[in-house]
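A short reminder: the numbers here are calculations on the coordinates, not readings from a lab. Predicted, not measured: the structure shown is a model, and the values here were computed from it. All Cβ positions, even for glycine, are placed from backbone atoms using ideal geometry, and neighbour counts span all protein chains on display.
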Amino acid sequence: MGQTNTIFCINIVINYTDISGCPKKFVAVTTLHESEFTEILSYFSERWRIHESRYTLSNTWRVNKPRKDETLKLVEDKLLFILYYFKNYPIQETMGLNRAANRFGMSQGKVSIWIKVLLPILQETLAKFGDLPFRDGTTLDVILKESNQEKFYLDGTVRPIQRSIDYELQKEHYTGKQCTHVIKNNLLNDKNRRVWWISDTYEGAIHDKKVMDLENCKFPKGITLVYDTGFQNLLYNGVSILQPHKAQRNAPLVAIQKKINTIISSERVVNEHTIGSVKRPHILRHELRINNLDFRDNIVWIGCGLHNLRIRHRTKT
């Protein structure tokens, strides 16, 4: 019964025409509204045509041979395919479980190939629309100054990964806070929840403040940074800091400090909501099964880009 339900679900969501005009299904499958999907589809189609003219599906240089029928014939279905994978993160074997019943119409091997081909094109598309956050912390002072924002929120977020069989790697990725093996990134957003910057991906055992030290970020003078107690002693010249008080072993917080912490927590809720929206795709929330370092780093970058796309469309100015 469980297997039948899985195939039925796949049959519903695979074809673009099946969910077009169905807002709830569209968001459930892609995290996007159909208008947002349509906006990025134009450039996605252009990038796909360029890729198709230069490479075969296996990413080798194209030769002058007739092209075989594709399993994903429409560009809409190609974009839907990669967004579906990103949002739901199914096991690739289930996406190619039964070629007769599966409207993807492909084997598990083809599923893997399509993911490798389409994910970079999705990334390029989000970059074209300016939705991908910046990665270079050394230029943040220029970028944030041009944003005309005065307050930014900094926090770290972790993603679970499969435990490595190598004991040294286990120690590097293990975090006592979550009691599991994770990778982490720091991200910076404004009060409108737009993500402006995201750090490189680090092992889970590295402290949030250590990540900022390694990134060597520069911030413009006059702004305010809001962050939690994980960034103790993180100071920048000319930058105001809004940070809750941290209780010491022999020095518990007094009433006024607790009240200040409550006020700061109400400020930081913007950051928590931002991270929750970024991690709406299951590929960023569930245990990551892929060990490729570039893939691990790029998917959180794309997740921030999809989040910024949604914010850009849904935030009223």
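With θ taken as phi - 60° and the coefficients 6.51, -1.76 and 1.60, list the Karplus ³J(HN,Hα) couplings across region 22-28 in order, rounded to whole Hz; mark glycine and proline as x.
Couplings: 10, x, 5, 5, 5, 5, 5 Hz.
Please tell me which of these pairs span more than 25 angstrom C-alpha to C-alpha: Lys145/Lys191; Lys78/Lys279; Lys258/Lys279; Lys110/Lys184?
Checking Cα-Cα distances, Lys258/Lys279; Lys110/Lys184 exceed 25 Å.
In degrees between 0 and 90, to the nearest 10, how far off the longest principal axis of the chain does helix 34-54 point, with axes built from Cα atoms?
That works out to roughly 60 degrees.
Which one, Gly305, Gly204, Gly276, has the greatest fluctuation when you compute a Gaussian network model over the chain with C-alpha springs under 10 angstrom?
Highest fluctuation of the listed residues: Gly276.
Can you sort Cys22, Cys179, Cys304, Cys217 by how many other beta carbons sit within 10 Å, fewest first?
Cys179, Cys22, Cys217, Cys304
With a 10 Å Cβ neighbour count serving as the proxy for reagent exposure, in which order, fewest first, do Trp197, Trp48 appear?
Working: Trp197 22, Trp48 18.
Sorted ascending by nearby Cβ count, the order is Trp48, Trp197.
Where does helix 255-278 land angle-wise versus the long Cα axis of the chain, in degrees 0 to 90, nearest 10?
On a 0 to 90 degree scale, this one is about 10.
Tell me the label-point distance for the pair Phe134, Val269, using the 7 Å Cα-to-Cβ offset, in nm and rounded to one decimal.
About 3.0 nm separates the two model spin labels.
List the residues whose amide H sits under 5 Å from the amide H of Ser147, counting only those 5 or more places along or on another chain, with H placed 1.01 Å from N in the peptide plane.
none
Angle check, please: helix 75-88 long axis (alpha carbons) against the longest principal axis of the chain (alpha carbons), in degrees 0 to 90, nearest 10.
With rounding to tens, the tilt is 50 degrees.
Of the candidates Lys184, Lys221, Lys151, which one comes out as most mobile in a Gaussian network treatment of the chain with C-alpha springs shorter than 10 Å?
It is Lys221.
Sort Thr38, Thr315, Thr125 so the one with the fewest other Cβ atoms within 10 Å of its own Cβ comes first.
Ranking Thr38, Thr315, Thr125 by Cβ neighbours within 10 Å, fewest first, gives Thr315, Thr38, Thr125.
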